[in-house]
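Visitor: So that we are looking at the same thing, I have put the structure below in structure tokens.
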Amino acid sequence: MLLNAHGAADNIIFSPKERCSAEVLMDNSGKGAITVKWEIYPEDWYKKNNTNNIIKPKQVLGTILSASDLKVNIQTPQLPGPYRLFAAIYDSYGHVATCNTPFYVMAK
């Protein structure tokens, strides 16, 4: 997945409510239809006793502006902090693949 042409290993920093785009890079030459579910969640860095939190963070609603095939246009969350863009890709044969990219929203 690329977010504004940057990968997960890059330091991706946006301003609050900034518009950007993302795309999943995959071979879509098969005959099955593809559906992509896009979601943004706050990053969960909280650890109690060095154990990951088992409570799923709440999805940030209103950030997915439009989606088509393997591409999406988003508006970053208003609150500063770390986030992740997730994509779940489904085909008509019952297969699923997932990917995600972290990014940070920083107030100017």
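Here, each number is a calculation from the coordinates, and none is a lab measurement. As the structure is a computational prediction, the values presented were derived from the model and not from experiment. All Cβ positions, even for glycine, are placed from backbone atoms using ideal geometry, and neighbour counts span all protein chains on display.
Visitor: Return the long-range amide H neighbours of residue 14 (sequence gap of 5 or more, or a different chain), with a cut-off of under 5 Å between placed amide H atoms.
Guide: It is 104, 105, 106, by chain and number.
Visitor: Between residue 56 and residue 75, what is the spin-label point distance in nm, taking each point 7 Å from the Cα along the Cα→C-beta axis?
Guide: It works out to 2.5 nm between the two label points.
Visitor: Separate question: I need the chymotrypsin sites (Phe, Trp or Tyr not before Pro) found in segment 29-108, filtered to DSSP loop residues with at most 16 other beta carbons within 10 Å of theirs.
Guide: Counting only loop positions with at most 16 other Cβ atoms within 10 Å, the chymotrypsin sites (Phe, Trp or Tyr not before Pro) in segment 29-108 are 45, 46, 93.
Visitor: Under 17 Å from the Cα of residue 58, which aspartates and glutamates turn up, not counting those fewer than eight places away in the same chain?
Guide: 39, 43, 44
Visitor: Can you compute the FRET efficiency between residue 92 and residue 18 using 1/(1 + (r/R0)^6), with r the Cβ-Cβ distance and R0 = 30 Å? Round to the nearest 0.05.
Guide: Numbers: r = 35 Å, r/R0 = 1.15.
Given R0 = 30 Å and the Cβ-Cβ separation, E is 0.30.
Visitor: Starting from the eigenvalues of the Cα gyration tensor, five times each then square-rooted, give me the equivalent ellipsoid semi-axes of the chain, largest first, whole Å.
Guide: Calculated on Cα positions only, the semi-axes equal 25, 18, 12 Å.
Visitor: Given the pairs 48/108; 17/37; 17/56, which span a C-alpha to C-alpha distance of over 29 angstrom in this model?
Guide: 48/108
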